[in-house]
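Student: Before I ask anything, here is the structure I am working with.
The values are calculated or read from the model by the stated rules, or taken from the named source; none is laboratory data. Just so it is clear, the model here is predicted, and its values are computed rather than measured. Counting neighbours? That spans all protein chains shown, and the Cβs are built from the backbone with ideal geometry, glycine included.
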Amino acid sequence: MSNCLFCKIINKETPADIVYENEKVIAFKDISPKAPIHILIVPKKHITSLKEVKIKDKELLGELFLVAKKIAWDKNLKGYKLIVNVGRKAGQIVDHLHIHLLSGKPSHHNKLWATPK
Ligand code: 5GP
Ligand code: ZN
């Protein structure tokens, strides 16, 4: 997809702080982090969102989670959240499937990390 931001990052047409890459998956730091660690895990195949995922993508979906696990292991994260926004109403702004990996100390400004008392 020539007009897709994440495809441009995958094709190295747009720079990103890449933390992991293999044949099928790339992971890079979010440009506007919502937590001390905020990494996007992205399939190299252009899939618009989880809504467009097909049965044949089953293995690729598993791969995304295994990459999340590997990054968390490598960074020695004690705990982390994985978030997938599906559709505009859920806050998806980039139309290329991705998992947000969030970790680190909560900030009192950050509702995403506010834990109920
Ligand atoms: P979404 O809201 O679609 O689930 O997540 C898209 C994420 O992409 C957002 O957290 C946003 O900060 C991040 N983002 C947007 N533009 C860029 C960019 O050019 N580079 C990087 N690394 N992240 C971006
Ligand atoms: Zn794309």
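Student: Tell me whether segment 46-53 contains one or more residues that are within 11 Å of ligand 1 (Cβ to nearest atom) and more than 17 Å from Asp95 (Cβ to Cβ).
Tutor: No; the residues of segment 46-53 include none that is within 11 Å of ligand 1 (Cβ to nearest atom) and more than 17 Å from Asp95 (Cβ to Cβ).
Student: Do we find that Leu64 is more than 16 Å from ligand 1 (Cβ to nearest atom) and modelled with pLDDT of 95 or more in this structure?
Tutor: no
Student: Here are Lys69, Lys12, Lys8: which of them is of a type outside the set (Phe, Trp, Tyr), surrounded by fewer than 16 Cβ atoms within 10 Å (Cβ to Cβ) and outside any loop (DSSP other than H, G, I, E, B)?
Tutor: Answer to the selection: Lys69.
Student: Filter segment 15-33 down to residues that are part of a loop (DSSP other than H, G, I, E, B) and surrounded by fewer than 16 Cβ atoms within 10 Å (Cβ to Cβ) and give me whichever is nearest to ligand 2 (Cβ to nearest atom).
Tutor: Looking at the filtered set, the residue picked out is Lys24.
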